[in-house]
Amino acid sequence: MNNCVFCGIAAGKIPSQKVFEDDSVIAFKDLSPQAPVHVLIVPKKHIQSVAQFQAEDKELAAHIFVDVAPKLAAQLGISDGGFRLIVNTGDDGGQTVPHLHVHLLGGRKMTWPPG
Ligand code: AMP
Ligand code: ZN
């Protein structure tokens, strides 16, 4: 989608610190890290948020959570200590970039609940 920063990153038109890529997903370091490890897992397809998921996106959603997130956590060395996955959705959910993304955070003890 035009003017979407994460579509731009997925297309290689906007630079990022990429840590993983396959046919349907890209993962890169967050510009404003909130933990020693903080990457964003982003589908290459433009989906605004979880609220816009369609039935056809089931495989993609499963791919992100079943295949990519745990393997990336292990690759980044945060699997044993534990990690956090966050999917902010919509304005009240704290979403600022309107292209679905999963935050993967780790490398420190996290608190709950979030603000
Ligand atoms: P959210 O509040 O869930 O929409 O999170 C958006 C995240 O994207 C924030 O943590 C930002 O720091 C991050 N971000 C925004 N633009 C970029 C970018 N060009 N490269 C990497 N991270 C970005
Ligand atoms: Zn997009």
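No value in this document is a laboratory result; all are computed from the given coordinates. Note that the coordinates shown come from a computational prediction; the quantities given were computed from them, not determined experimentally. Every residue, glycine as well, gets a Cβ built from its backbone with ideal geometry; the counts of neighbours run over all protein chains shown.
Assorted remarks:
- Residues in region 40-55 that are within 11 Å of ligand 1 (Cβ to nearest atom) and closer than 12 Å to H103 by Cα: L40, V42.
- Of all residues in region 1-26, those satisfying the criterion of being away from ligand 1 (no atom under 11 Å from the Cβ) and part of a helix (DSSP H, G or I) are C7, A10.
- Flag if V37 is more than 15 Å from ligand 1 (Cβ to nearest atom) and crowded, with 18+ Cβ neighbours inside 10 Å: no
- Matching entry among L31, L40 (being closer than 18 Å to I9 by Cα and assigned to a loop (DSSP other than H, G, I, E, B)): L31
- Contacts under 9 angstrom Cβ, first residue in region 100-115 being within 27 Å of A10 (Cβ to Cβ), partner basic (K, R), 6 or more apart: L100/K45; H103/R84; L104/R84; L105/R84; G106/R84
- Qualifying positions in region 27-56 - within 17 Å of V68 (Cα to Cα) and within 11 Å of ligand 2 (Cβ to nearest atom): V42, P43, K44, K45
- Among the residues examined, P114 qualifies as assigned to a loop (DSSP other than H, G, I, E, B) and of a type outside the set (S, T, N, Q).
- Within region 14-40, residues that are free of Cβ contacts under 8 Å to residues at least 24 places away in the same chain reach partners that are of a type in the set (S, T, Y) and surrounded by 12 or more Cβ atoms within 10 Å (Cβ to Cβ) with beta carbons closer than 6 Å, at six or more positions or on different chains, in the pairs F28/S16.
- Within region 58-99, the set of residues being in a loop (DSSP other than H, G, I, E, B), touching a strand residue (DSSP E or B) at 6+ places or on another chain (Cβ under 6 Å) and within 16 Å of ligand 2 (Cβ to nearest atom) comprises V87 only.
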